[in-house]
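A short write-up of the structure that comes next.
The values are calculated or read from the model by the stated rules, or taken from the named source; none is laboratory data. Here the structure is a predicted model, which means the values were calculated and not measured. Every residue, glycine among them, receives a Cβ derived from its backbone with ideal geometry; neighbour counts consider all protein chains shown. The protein model used for the area step is the full one, side chains on, heavy atoms only, and it has no ligands, DNA or RNA in it. Shrake-Rupley method; radii C 1.70, N 1.55, O 1.52, S 1.80 Å.
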Amino acid sequence: MSCDPLTLAAPGVGALRPYQPGKPTAELERELGLRDTVKLASNENPLGPPPSALAALQRVAPELALYPDGNGHDLKRRLAEELSVPPDRITLGNGSNDVLVLLAETFLQPGLEAVYSQYGFAVFALATQATGAMARVAPARAADDAQPLGHDLDAMAGCFSPRTRLVFVANPNNPTGSWLQADELRAFIARVPAHAIVVVDEAYVEYVLGVEGFASALPWLEEFPNLVVTRTFSKAWGLAGMRVGYAVSGPAVADLLNRIRQPFNVNLAAQAMALAALDDRDYLQRGLRVNREGIHGLQRTLAQLGLWHGNAAGNFLLVDTGRDAAPVYQALLQRGVIVRPVANYGLPEHLRISIGTPEQMQRLDGALRDVFAGGH
Ligand SMILES: *Cc1c(COP(=O)(O)O)cnc(C)c1O
């Protein structure tokens, strides 16, 4: 007798839809017989990994028959120094995605609730649903707000209930590019009930540190024991393929995450490369410069084409194509440029475009002008 595995799955799992990653370059080249395609679909760093990290990879390659340090001692100690927090407040993850899932596994279950914003980062929904907990999704700000489609913190607070256990905030947020004023975010965190953990996802923090009105939530950890800040090496640090990120929290939350994580959740090469990357301040600065210039160029092009775009708080722009975005996405693919459809976010007329090298942006520019001026 056969039984449908769907009926056997844990609550929440059956209803999940797989995460839709950006289309890999090799796949597009295979499908269309194109070469030299440009991928601006996954907010990856166009500079490649930091040279210091590549050297570290070479150095540790002979050690790869060994298990990594399950406690990530060296990387945690270095991060602790960098962030001025004790090492026992840091939890390393296989990407920050891993720590977001660990938080959901630790604090959610059927009958409990997570709060996040409409257009909030997709992993918030996935991590929540997998546990069978209920999602309370707050309506986003309007498209003509100063932070278009961004988190409406009052609406989010309106979703708090006695069953709330996790509150997810992305600052800045992907895919909207919106961010939150330091004072309003701090006031919001103070409003989160003591029975809930508030997670501030700072995956793009390097791109906005120094922007007037923006602040990292890290210095507030002392004041709010239920606060968790997550960060990643996938974006400004150029190590998306290595999968390394981390959470900073109070020691009690870190202790729980440490119990539930896999014993070796961050691989040996990733630990070594992340550690080495932190020495490469020059790489970081170069990346930020290329990103800033790329954003300015793309903003100019979009203005000329009469296309609306969201705020530029990360290494991407959310663009309103003013029509069904699927054919636009296809037309760009035909021209060898991969961008990211965001219909899965409930934004069927938008595309998210990552910022690349000047050469890549030139290819994008040509393709956009072709598609939008060409009357497709
Ligand atoms: C890219 C991204 C992450 C990080 O993903 P990793 O798992 O660390 O690669 C987290 N949050 C947001 C909002 C992101 O865009």
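Any residue that is free of Cβ contacts under 8 Å to residues at least 60 places away in the same chain, open to solvent by 10 Å² or more (accessible area, probe 1.4 Å) and on the phi > 0 side of the Ramachandran plot - is there at least one of those in region 175-184? Break it down into steps so the answer makes sense when it comes.
Restricting attention to region 175-184, the residues satisfying the condition of being free of Cβ contacts under 8 Å to residues at least 60 places away in the same chain are 180-184.
Still in the running and open to solvent by 10 Å² or more (accessible area, probe 1.4 Å): 181-184.
Next cut, on the phi > 0 side of the Ramachandran plot only: none.
Within region 175-184, not a single residue is free of Cβ contacts under 8 Å to residues at least 60 places away in the same chain, open to solvent by 10 Å² or more (accessible area, probe 1.4 Å) and on the phi > 0 side of the Ramachandran plot.
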* Considering only residues that are within 17 Å of L239 (Cα to Cα), surrounded by fewer than 22 Cβ atoms within 10 Å (Cβ to Cβ) and among the hydrophobic types (A, V, I, L, M, F, W, C), look in region 57-97 and name the one that is nearest to the chain's Cα centre (by Cα). => L79
* What's the number of the condition L16 fails, among (1) open to solvent by less than 60 Å² (accessible area, probe 1.4 Å); (2) within 16 Å of the ligand (Cβ to nearest atom); (3) farther than 23 Å from A272 by Cα? -> (2)
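From A140, A104, A155, grab the single residue that is open to solvent by less than 40 Å² (accessible area, probe 1.4 Å) and touching an Asp or Glu at 6+ places or on another chain (Cβ under 7 Å). Step through it out loud before you land on a result.
Working: A104 fails: touching an Asp or Glu at 6+ places or on another chain (Cβ under 7 Å); A155 fails: touching an Asp or Glu at 6+ places or on another chain (Cβ under 7 Å).
Result of the check over A140, A104, A155: A140.
On the basis of being farther than 16 Å from V101 by Cβ and hydroxyl-bearing (S, T, Y), does Y246 make the cut?
Details: farther than 16 Å from V101 by Cβ: no; hydroxyl-bearing (S, T, Y): yes.
No: the conditions fail for Y246.
Residues in region 191-234 that are small (G, A, S) and closer than 22 Å to A140 by Cβ: how many?
Here the count works out to 5.
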* Top-ranked residue of region 67-116 - restricted to ones that are part of a loop (DSSP other than H, G, I, E, B) and within 14 Å of the ligand (Cβ to nearest atom), ranked as farthest from Q262 (Cα to Cα) -> G95
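Just the residues that are open to solvent by 60 Å² or more (accessible area, probe 1.4 Å), touching a residue at least 60 places away in the same chain (Cβ under 8 Å) and not basic (K, R), please, taken from region 362-375.
First, the residues of region 362-375 that are open to solvent by 60 Å² or more (accessible area, probe 1.4 Å): 362-363, 369-370, 373, 375.
Keeping just the survivors that are touching a residue at least 60 places away in the same chain (Cβ under 8 Å) gives 363, 369, 373.
Selection gives A373 alone.
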* Hey, does region 40-53 have a residue that's away from the ligand (no atom under 16 Å from the Cβ) and either open to solvent by 50 Å² or more (accessible area, probe 1.4 Å) or free of Cβ contacts under 8 Å to residues at least 40 places away in the same chain (or both)? -> yes
* Looking at (1) under 22 Å from G70 (Cβ atoms); (2) open to solvent by 10 Å² or more (accessible area, probe 1.4 Å), which is the only condition T230 fails? -> (2)
* Here is a list of conditions, (1) over 17 Å from N97 (Cα atoms); (2) surrounded by fewer than 17 Cβ atoms within 10 Å (Cβ to Cβ); (3) within 16 Å of the ligand (Cβ to nearest atom), and G241 meets all of them except one; can you say which number that is? -> (1)
